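**Q** Got a structure for you, written out below as structure tokens; questions coming shortly.
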Amino acid sequence: MDKIKTGIVVEGGGMRGIYAAGVLDVFLEENIHVDGVIGVSAGAIHGCSFVAEQKGRSLRYNLKYCRDPRYMSLRSWIKNGDIFDTGFCYRELPERLDPFDNDAFEASPTEFYVTCTDVDTGKPVYHQCPSLRGDKIDWVRASASMPLASRIVEIDGQKLMDGGVGDSIPVGAFRKMGFQKNVVILTRPEGYRKKPNSLMPLMRKVFREHPEFLETARWRHLAYNRELDEIRRQQEAGRYW
């Protein structure tokens with residue numbers, strides 16, 4: 001009988017993602033390993049440290065730099081269009097200040113995927129990352145590039161943004177990839193239901209040249225709530241932990 005592939009699906013949520021980082025750290029403490037991890041936005045940022053088995057890294061650098069204007073600031077947003085300074089967060093920090101263990105990440109048997117949203121089509125993009133060296137980390141940056149707070153990230157001609165717009169909880173997509181038994185880490189409390197985006201009027205102005213992206217963002221709350229309902233059904237059927 002074929003082995004059942006196990007996975008972890010990590011929701012995003014900005015600074016709420018620290019909750020997911022804590023859960024992943026406990027998994028490392030308990031020596032819990034899976035066949036694949038798929039992260040969305042902040043979930044991608046913290047998920048890669050789990051794959052590299054760098055317990056405590058996410059919490060450590062967030063506590064140290066969360067008030068540092070090089071990390072996140074209105075000044076960076078006004079100057080560069082990114083509230084999280086990309087040079088600092090995706091170059092200086094992982095390469096020098098709190099090094100990401102690329103060797104361990106690349107040697108890990110755990111497959112790592114990020115979820116982004118194609119700005120031209122409004123569709124989710126699921127990308128496997130065998131390495132995050134150099135410009136390859138831009139896949140994580142694209143996944144975490146929140147609309148209105150970040151610029152569009154272009155990779156190989158594809159315009160990408162926050163994966164949470166296209167697929168906030170990509171457990172259905174992960175199952176289709178073959179990961180049948182999954183842990184789903186949510187960053188919202190039990191019983192949460194997403195409401196329509198109150199910033200849609202501003203989104204329409206900023207992304208007026210990307211109507212498909214706007215349409216996806218407009219109905220995101222309905223898709224999110226359907227995913228929560230499906231997770232509950234699958235959990236009751238014993239497919240999710």
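**Q** Within 18 Å of Ala42 (Cα to Cα) and either in contact with a helix residue (DSSP H, G or I) (Cβ under 7 Å, 6 or more places away or on another chain) or open to solvent by 10 Å² or more (accessible area, probe 1.4 Å) (or both): is that true of Val114 in this structure?
**A** Answer is yes for this residue.
**Q** Check the stretch 35-48 and report whether any residue there is free of Cβ contacts under 8 Å to residues at least 40 places away in the same chain and surrounded by fewer than 19 Cβ atoms within 10 Å (Cβ to Cβ).
**A** no
**Q** For the stretch 190-241, what are the residues that are among the aliphatic types (A, V, I, L, M) and not in a helix (DSSP H, G or I)?
**A** Of the residues in the stretch 190-241, the ones among the aliphatic types (A, V, I, L, M) are 199-200, 202-203, 206, 214, 217, 222-223, 228, 231, 237.
Once the filter is applied, which keeps residues that are among the aliphatic types (A, V, I, L, M) and not in a helix (DSSP H, G or I), the stretch 190-241 yields Leu199, Ala237.
To keep it simple, each residue is scored yes or no on (1) surrounded by 15 or more Cβ atoms within 10 Å (Cβ to Cβ); (2) free of Cβ contacts under 8 Å to residues at least 60 places away in the same chain.
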{"position": "Leu132", "(1), (2)": "yes, no"}
{"position": "Leu160", "(1), (2)": "yes, yes"}
{"position": "Asp167", "(1), (2)": "yes, no"}
{"position": "Phe174", "(1), (2)": "yes, no"}
{"position": "Gly178", "(1), (2)": "no, no"}
{"position": "Lys181", "(1), (2)": "yes, no"}
{"position": "Ile185", "(1), (2)": "yes, no"}
{"position": "Ser198", "(1), (2)": "no, yes"}
{"position": "His210", "(1), (2)": "yes, no"}
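Rundown of residues vs (1) out of contact with any strand residue (DSSP E or B) (no Cβ under 9 Å at 6 or more places or on another chain); (2) closer than 24 Å to Asp162 by Cβ; (3) among the basic types (Lys, Arg), yes/no style:
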position: Ile8; (1), (2), (3): no, yes, no
position: Phe50; (1), (2), (3): no, yes, no
position: Lys55; (1), (2), (3): yes, no, yes
position: Ser76; (1), (2), (3): no, yes, no
position: Asp85; (1), (2), (3): no, yes, no
position: Arg91; (1), (2), (3): yes, yes, yes
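**Q** Another question, if that's okay. Determine whether Gly164 is outside any loop (DSSP other than H, G, I, E, B) and among the small types (Gly, Ala, Ser).
**A** yes
**Q** Answer yes or no: is there a residue in the stretch 213-221 that is over 23 Å from Gly47 (Cα atoms), open to solvent by 40 Å² or more (accessible area, probe 1.4 Å), free of Cβ contacts under 8 Å to residues at least 24 places away in the same chain and not β-branched (Val, Ile, Thr).
**A** So far as the stretch 213-221 goes, yes, one or more of its residues are over 23 Å from Gly47 (Cα atoms), open to solvent by 40 Å² or more (accessible area, probe 1.4 Å), free of Cβ contacts under 8 Å to residues at least 24 places away in the same chain and not β-branched (Val, Ile, Thr).
**Q** Give the stretch 97-111 a look and list any residue that's of a type in the set (A, V, I, L, M, F, W, C) and either surrounded by fewer than 21 Cβ atoms within 10 Å (Cβ to Cβ) or part of a loop (DSSP other than H, G, I, E, B) (or both), or say none. Write out each step before concluding.
**A** Start the filter on the stretch 97-111 by keeping residues that are of a type in the set (A, V, I, L, M, F, W, C), which leaves 97, 100, 104-105, 107.
Result: Leu97, Phe100, Ala104, Ala107.
**Q** For residues in the stretch 224-238 being open to solvent by 30 Å² or more (accessible area, probe 1.4 Å) and touching a helix residue (DSSP H, G or I) at 6+ places or on another chain (Cβ under 8 Å), which is nearest to Gly163 (Cα to Cα)?
**A** So, considering only residues that are open to solvent by 30 Å² or more (accessible area, probe 1.4 Å) and touching a helix residue (DSSP H, G or I) at 6+ places or on another chain (Cβ under 8 Å), the one nearest to Gly163 (Cα to Cα) is Glu227.
The values are calculated or read from the model by the stated rules, or taken from the named source; none is laboratory data. Just so you know, these numbers come straight off a predicted model, no measurement behind them. When we count neighbours, we look across all protein chains shown, and the Cβ atoms used for this are built from the backbone with ideal geometry, even at glycine. Quick note on the areas: whole protein, heavy atoms, side chains included, nothing else; ligands and nucleic acids left out. Shrake-Rupley method; radii C 1.70, N 1.55, O 1.52, S 1.80 Å.
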